[in-house]
1. Cβ-Cβ under 8 Å, sequence separation 6+ or interchain: first residue in the stretch 85-97 and free of Cβ contacts under 8 Å to residues at least 24 places away in the same chain, partner assigned to a loop (DSSP other than H, G, I, E, B). Which pairs?
2. Does any residue of the stretch 7-14 turn out to be under 22 Å from R70 (Cβ atoms) and either of a type outside the set (D, E) or at pLDDT 75 or above (or both)?
3. Would you point out which residue out of A34, A71, A58 is more than 12 Å from V96 (Cα to Cα), at pLDDT 75 or above and over 13 Å from the mean Cα position of the chain (by Cα)?
Amino acid sequence: MAREKLKEWAPKKETPIVVFTVPGKDGEKREFVAWKSMKSPYSTIGRCTRAYPVYEIATSRYCFLKDGWRAHELDPEATILQELAEKKVENVPIFVCGGDVETEATMTDLY
């Protein structure tokens, strides 16, 4: 089913479907399926940001997922997006869910 739902973004070369588990607004885990990112960062510096068109099977909803590493001293982007939405700032993406993935962390910004 994932291949059918994501066929508009199918890569030219066969790649596996990946599942992202993302923290929801109330702490529940939400799962999104995707093919590879729209563009891969090849730089050795930066936050390794990737963008994915994704599909959530539980809600039958298409979304855009942004994935990247965050320096320790920065607030989570999910928190910032929620604050901007509460203040009704224009041109801010609609926040669906997000946050830090519990099993992943970067340390390179500390050196």
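The values are calculated or read from the model by the stated rules, or taken from the named source; none is laboratory data. Keep in mind the model is a prediction, meaning the values are calculated, not measured. In this analysis, Cβ positions are derived from the backbone assuming ideal geometry, glycine residues included, and neighbour counts consider all displayed protein chains.
1. From the stretch 85-97, the pairs are A85/V92; A85/I94; A85/F95.
2. Taking the stretch 7-14 first, the residues under 22 Å from R70 (Cβ atoms) are none.
No: zero hits.
3. Working: A34 fails: over 13 Å from the mean Cα position of the chain (by Cα); A71 fails: at pLDDT 75 or above.
The conditions single out A58.
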